[in-house]
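Heads up: the structure comes next, in structure tokens.
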Amino acid sequence: MTEHDRAQTSKLTTGYAQKALSSQRLLDAPLPELLAELDVMLDESSITDPSFTGAAVVTRDRVILSMRPGQQDSERDAVARALLGHVLDVPLSPLPEPYRISEV
């Protein structure tokens, strides 16, 4: 691990597990591998509205990504990584318009 990776590593404590991730790993790892490594569940949402691109639910034990069914792979990949970066507090550039991350 380089100095840069250490400086960009962030942690989220969820109940029994602590997850750490560098911004480089978040952007470079194949998404299925990243989700497995972090024990993140990707679920299809019942929301089909095209303006809904995804949500991250953080429970005591895990992170669940809920994504719109029928979403293009490239959009799903970018949104999933942005949501993971947000909940794990990994510094990333903001998503382009019209995307935005809101907390509820």
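The values are calculated or read from the model by the stated rules, or taken from the named source; none is laboratory data. Values in this document were obtained by computation on a predicted structure and should not be read as measured data. Neighbour counts are summed over all protein chains in view; Cβ atoms, including those assigned to glycine, are modelled from backbone coordinates with ideal geometry. The accessibility values were calculated without ligands, DNA or RNA, using every heavy atom of the protein model including side chains. Shrake-Rupley method; radii C 1.70, N 1.55, O 1.52, S 1.80 Å.
Okay, here's what the table says:
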quantity: Restricting region 48-76 to residues that are closer than 17 Å to PRO98 by Cβ and among the polar types (S, T, N, Q), the residue that is surrounded by the most Cβ atoms within 10 Å (Cβ to Cβ); calculated: THR53
quantity: Filtered residue count, region 82-99, keeping only those that are more than 8 Å from the chain's Cα centre (by Cα) and outside any loop (DSSP other than H, G, I, E, B); calculated: 0
quantity: Candidate set from region 18-41 (those that are of a type in the set (A, V, I, L, M), assigned to a helix (DSSP H, G or I) and within 21 Å of THR59 (Cα to Cα)); member that is modelled with the lowest pLDDT; calculated: LEU38
quantity: Failed item in (1) assigned to a helix (DSSP H, G or I); (2) within 15 Å of ARG25 (Cα to Cα); (3) open to solvent by less than 30 Å² (accessible area, probe 1.4 Å), with VAL79 passing the rest; calculated: (2)
quantity: Residues of region 82-98 classified as more than 18 Å from ALA29 (Cβ to Cβ) and either surrounded by fewer than 13 Cβ atoms within 10 Å (Cβ to Cβ) or polar (S, T, N, Q) (or both), total; calculated: 4
quantity: Residue count, region 77-93 (criterion: without any contact (Cβ under 8 Å) to a residue 60 or more places away in the chain and either farther than 24 Å from GLU37 by Cα or in contact with a helix residue (DSSP H, G or I) (Cβ under 8 Å, 6 or more places away or on another chain) (or both)); calculated: 3
quantity: Filter result (of a type in the set (Ser, Thr, Tyr) and either touching a helix residue (DSSP H, G or I) at 6+ places or on another chain (Cβ under 8 Å) or at pLDDT 90 or above (or both)) within region 52-71; calculated: THR53, SER66
